[in-house]
Amino acid sequence: MNSDGPAPQQLSRDDCLRLLASVSIGRIIYTRHALPAVELVTFALDQGDIVIRTDGDGKLAAATRQAIVAFEADCLDAQQAGWSVTAIGPSREVTDPQDRGRLQKMDLSSWPRRAQELFIRVSPEMLNGRRLDAHGQQEGHDADRF
């Protein structure tokens with residue numbers, strides 16, 4: 001952050017969630033074989049949670065069950081202005097039949113296309129959002145922990 005620039009704009013939890021809801025592609029960061037792994041995924045927000053649809057037999061599904069994960073999404077324009085939001089929290093498989101049925105009606109596909117038989121829900125406990133201006137300055141802070 002440039003200390004000579006304007007005071008940082010504080011991104012609230014609501015601001016972070018609003019920005020996440022404005023895009024459909026992000027990155028989930030998790031541990032696979034004791035090493036960090038990153039997957040590009042499509043996602044949707046559901047009641048403040050990040051929901052990913054994936055292959056139930058895949059590496060991502062196995063590694064994220066009952067794990068703490070990070071999730072990041074961003075949006076930058078041609079002048080490199082935009083935002084980035086990171087969420088950290090526990091992930092779990094969605095097993096409730098009514099919840100699964102409701103999620104299946106959402107416009108949520110896996111990318112790349114897979115069997116799509118499993119939903120993973122990430123409940124953010126920490127949110128960190130920042131804005132980037134066209135000159136590369138960063139503004140932001142950690143949103144409230146809840």
Starting from the range 38-63, take each residue that is free of Cβ contacts under 8 Å to residues at least 40 places away in the same chain and list its partners that are of a type in the set (Gly, Ala, Ser) and surrounded by fewer than 16 Cβ atoms within 10 Å (Cβ to Cβ), counting only C-beta distances under 8 angstrom and pairs at least six apart or across chains.
LEU45/ALA21; LYS59/ALA37; ALA63/ALA37
Could you grab me the full set of residues in the range 38-66 that are at pLDDT 85 or above, farther than 11 Å from SER123 by Cα and of a type in the set (Gly, Ala, Ser)?
ALA44
Matching residues, the range 33-71, being surrounded by 13 or more Cβ atoms within 10 Å (Cβ to Cβ) and among the polar types (S, T, N, Q):
THR42, THR54, THR64
Being in contact (Cβ under 8 Å) with a residue 12 or more places away in the chain, outside any strand (DSSP E or B) and either surrounded by fewer than 13 Cβ atoms within 10 Å (Cβ to Cβ) or not small (Gly, Ala, Ser) (or both) is the filter here; which residues of the range 79-98 pass it?
GLN79, GLN80, VAL94
Residues of the range 24-37 being farther than 16 Å from LEU127 by Cα and either of a type in the set (A, V, I, L, M, F, W, C) or assigned to a strand (DSSP E or B) (or both), which ones?
ILE25, TYR30, THR31, ARG32, ALA34, LEU35, PRO36, ALA37
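The values are calculated or read from the model by the stated rules, or taken from the named source; none is laboratory data. Keep in mind the model is a prediction, meaning the values are calculated, not measured. Ideal geometry is used to build each Cβ from the backbone, glycine not excepted, and the neighbour counts take in all protein chains shown.
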